[in-house]
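The next block holds one structure in the form of structure tokens; read it before the comments.
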Amino acid sequence: MTEIALALVADYGVTIVFVVTFLSCLALPVPSSLLMLASGGFAATGDLYLTSVFGAAFTGAVLGDNTGYWVARASGDRINDWLERHPKRAALRRKSQAFMDRWGGSSVFFSCWLVAPLGPYVNYVSGITKFKWLRFALWGVLGEIVWVSLYVGLGYIFTDNITSVAGILGNASGLITALLVGTGLGLWLWKLSKPRLDKARSQPHI
């Protein structure tokens, strides 16, 4: 995969960096992080300009975030109608709304870089719940600055060890994402089972 990323950057330069970061923010399976590392390496060797690499990656990411948001927002009424037809889906919709109202800004920020695999889905949820666009956009810009600076910067510094750096960053991001998803799933299952446990405890023992 590293060889493919290097070949793509060598052939298409910052254009491919822009396209891939844009598509990755729409949840398409493209190696955006690896492309940014590779482009940072090319900037270190003088084949690309560092400012151009950063600008292409950042612009693609921000446009991708906002495209996902507005696509979801445009179809939000139809999705909400479908959710409201079933009590459990409606309850999930209300919980998502409450979560975004309380933690939306920080969720958008951290999903851009710390738990990047969840980023596109946070964009969609933000649009569906009609989270304030200006707040979404500002937190997204801050998050993408961190994401792009981290990957392009590490590619620039560790030019000869891009594969190792990519593996470390990928494992770290995957582990954090798995822990968050696992914790959320555990809390959800606990809440589902709690009424049953309370009912069982309240029944008289024979």
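A short reminder: the numbers here are calculations on the coordinates, not readings from a lab. Predicted model, so just to flag it, every value in this text is computed and none were measured. With ideal geometry, Cβ positions are generated from the backbone for all residues, glycine too; neighbour counts draw on all protein chains shown.
Here L63 and E84 are evaluated by their C-beta separation; at R0 = 41 Å the FRET efficiency comes out at 0.85. Simple spin-label estimate for Y49 and K95 gives 5.0 nm between the two label positions (7 Å along the Cα-to-Cβ direction from each Cα).
In order along region 135-148, the Karplus-derived 3J(HN,Hα) couplings, from 6.51 cos²θ - 1.76 cosθ + 1.60 at θ = phi - 60°, round to 5, 4, 5, 5, 5, x, 4, 4, x, 5, 4, 5, 4, 5 Hz, and Gly and Pro are given as x.
What's the local net charge at S24, with K and R +1, D and E -1, over the other residues with C-beta under 12 Å away?
Values: positive: none; negative: D65, E144.
Net charge in that neighbourhood comes out at -2.
Sequence-ordered 3J(HN,Hα) estimates for region 105-111 from the Karplus curve with 6.51, -1.76 and 1.60 and θ = phi - 60° stand at x, 5, 5, 4, 4, 6, 6 Hz, glycine and proline given as x. Here the calculated FRET efficiency for Y12 and W133, from their Cβ-Cβ distance with R0 = 41 Å, stands at 0.85, rounded to the nearest 0.05. Between W70 and I157, the C-beta separation translates, for a Förster distance of 35 Å, into a calculated FRET efficiency of about 0.50.
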